[in-house]
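The values are calculated or read from the model by the stated rules, or taken from the named source; none is laboratory data. Bear in mind the structure is a predicted one, so any value in this text is a computation, not a measurement. Glycine gets a Cβ as well: all are built from the backbone with ideal geometry, and neighbour counts include every protein chain shown. Side chains included, ligands, DNA and RNA excluded: accessible areas come from the protein's heavy atoms. Shrake-Rupley method; radii C 1.70, N 1.55, O 1.52, S 1.80 Å.
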Amino acid sequence: TAGRRTRNHARWCPLWILELAMKHDAIFVAPDYRLLPEAKGVQILDDLDDFWAWLGRDLNDVVYKAHGLHADLDKVLVEGESAGGYLALQVGLSHFKPLPK
């Protein structure tokens, strides 16, 4: 059911993204990532690859065990602000697969 979450990110998450998730009965996932200057840029991009692999491999099990739901991984919205926006763009560019014709 929309609105359930395993971890509370509501204090910093834009209201519009939570409302969009609720409207579409979506599963909202907010990954953490390492920051500069403690991590190098290539390490942060590696974190994105690890997250994308986890999303495809483990998300359905995690969501099912926590809430009895299944994720439709054919419909993924990637969002971010500031550095998170750059990372959202990078994950889209790195992992985008066009729809079959």
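Per-structure values
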read-out: When residues of the range 50-101 are limited to those that are acidic (Asp, Glu) and without any contact (Cβ under 8 Å) to a residue 24 or more places away in the chain, the one most open to solvent (accessible area, probe 1.4 Å); value: Asp74
read-out: Among the candidates Pro14, Pro37, Pro31, residue that is at pLDDT below 90, open to solvent by 50 Å² or more (accessible area, probe 1.4 Å) and not polar (S, T, N, Q); value: Pro31
